[in-house]
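Everything below concerns the one structure shown next.
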Amino acid sequence: MSRDPLRQRFETERRRSAFLSFLPAAGIGIIVSDTWLSPWAGVPGGLAVGAMAYALVWGYESFMWRRHHGR
């Protein structure tokens, strides 16, 4: 099944923007978790914050696509 070129470009950009939101959120999460929670919570806390940022951007991009283009 061939996909619409616009949809393919959207899928690529959605993954890229979600990943680019993950990186700074994970860095901030590591610093905050390490500083205020515990040195042992640094990396897991950072990965959790990064995953939340990734999911937030992924969900927002999906919502906006459906709002403007339908399914």
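Data for the structure
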item	result
Filtered residue count, segment 1-52, keeping only those that are more than 18 Å from TRP65 (Cβ to Cβ) and in a helix (DSSP H, G or I)	30
Residue tally, condition within 18 Å of ARG15 (Cβ to Cβ) and among the β-branched types (Val, Ile, Thr), over segment 32-59	1
Which listed residue is modelled with pLDDT under 95, exposed (fewer than 12 other Cβ atoms within 10 Å of the Cβ) and not hydroxyl-bearing (Ser, Thr, Tyr), from PHE19, PHE63	PHE63
ARG7 being at negative phi and loosely packed, with under 13 Cβ neighbours inside 10 Å	yes
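The values are calculated or read from the model by the stated rules, or taken from the named source; none is laboratory data. Owing to the predicted nature of the structure, the values given are computational and were not obtained by experimental measurement. So basically every Cβ, Gly included, is an ideal-geometry build from the backbone, and we count neighbours across all protein chains shown.
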